[in-house]
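This report concerns only the one structure given below.
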Amino acid sequence: MNLADAPRINASILAADFVNMQADLARIATADFVHVDVMDNHFVPNLTFGPQMVERIQATSPIPLDVHLMITDPDRWAPGYAELGAASVTFHLEAAADPVALARTLRARGARAGVAIKPGTAGESLHDILGEFDQILVMTVEPGFGGQGFMPETMPKLRALRDAARRRGSNVWLQVDGGISDATIAQAAEAGADTFVAGSAVYGADDIEAAVTRLRHLARAASLES
């Protein structure tokens with residue numbers, strides 16, 4: 001694990017009840033971050049939140065926001081989410097014109113800067129610029145919809161990023177998103193992930209607090225063995 005506060009469990013509100021969002025935010029108070037998926041129906045074939053909704057979530061959430069932008073032209077739009085107060089803003093490498101410049105802008109606006117890559121995108125292009133980012137998100141499903149199955153074939157890419165970070169002495173967080181559950185979180189932790197996005201595994205549980213605690217325990221145990 002990269003930092004003493006890892007592993008982090010980020011609860012994805014893509015699995016929440018949108019009609020009762022404030023109540024569902026209160027239910028995940030023991031998670032580390034609320035993961036907010038912003039989709040524009042262009043970069044991915046789904047439409048979710050925009051800046052106005054994220055602003056309301058920011059105002060009511062008991063924990064910091066981890067915003068994941070699945071949108072075109074993040075160079076233009078991502079800084080606005082940092083200005084709304086999001087603790088972390090992640091954009092997609094595939095969509096950014098200048099990912100390094102954008103990461104520096106996000107940091108200047110007060111947010112942690114994250115970059116995400118799809119399952120089919122190689123991670124090697126990030127190895128030499130790890131220091132420009134606070135977080136790298138390795139998608140373990142195709143972005144766009146919740147409830148998909150975990151893709152174990154993405155683990156070699158995650159391991160390579162972990163090894164590159166270790167060689168460079170980088171404290172970049174390595175996040176995974178997609179299909180994370182009791183059955184898969186150990187595999188991702190062993191490969192180097194320290195930050196885990198979980199939607200159905202959290203909101204689908206009868207006891208959300210216990211589900212978050214269990215995911216942390218499973219990730220920590222697996223990381224100690226890696």
| Within the group L158, L126, L130, L106, which residue is more than 24 Å from S12 (Cα to Cα) and surrounded by 22 or more Cβ atoms within 10 Å (Cβ to Cβ)? | L126
| Which numbered condition A193 misses (of (1) closer than 24 Å to R159 by Cα; (2) in a helix (DSSP H, G or I)) | (2)
| remark: With criteria (1) surrounded by 21 or more Cβ atoms within 10 Å (Cβ to Cβ); (2) free of Cβ contacts under 8 Å to residues at least 40 places away in the same chain, F18 comes up short on (1)
| request: Return the total of residues in the range 115-129 being in a helix (DSSP H, G or I) and modelled with pLDDT of 95 or more. | output: 3
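In the list A23, A29, which residue meets the criterion of being modelled with pLDDT of 95 or more, assigned to a helix (DSSP H, G or I), surrounded by fewer than 18 Cβ atoms within 10 Å (Cβ to Cβ) and not basic (K, R)?
Answer to the selection: A23.
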| Does E153 satisfy being at pLDDT 95 or above and either crowded, with 24+ Cβ neighbours inside 10 Å or more than 19 Å from V36 (Cβ to Cβ) (or both)? | yes
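With respect to F145, is the statement that it is crowded, with 18+ Cβ neighbours inside 10 Å, in contact (Cβ under 8 Å) with a residue 12 or more places away in the chain and among the aromatic types (F, W, Y) true?
Taking the combined requirement at face value, the residue does not satisfy it.
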| query | Just to be sure, is A86 touching a residue at least 24 places away in the same chain (Cβ under 8 Å) and in contact with a strand residue (DSSP E or B) (Cβ under 6 Å, 6 or more places away or on another chain)? | reply | yes
| So, of the residues in the range 205-226 that are surrounded by fewer than 16 Cβ atoms within 10 Å (Cβ to Cβ) and of a type in the set (A, V, I, L, M), which turns out to be nearest to A26 (Cα to Cα)? | A210
| Residues of the range 62-77 that turn out to be more than 28 Å from R27 (Cβ to Cβ) and either crowded, with 24+ Cβ neighbours inside 10 Å or among the hydroxyl-bearing types (S, T, Y) (or both), as a count | 2
| request: Just one of (1) hydrophobic (A, V, I, L, M, F, W, C); (2) within 17 Å of D66 (Cβ to Cβ); (3) more than 16 Å from the chain's Cα centre (by Cα) trips up A101, so point out which. | output: (2)
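The values are calculated or read from the model by the stated rules, or taken from the named source; none is laboratory data. Values in this document were obtained by computation on a predicted structure and should not be read as measured data. A quick note on method: Cβ atoms are made from the backbone with ideal geometry, for glycine too, and the neighbour counts reach across all protein chains shown.
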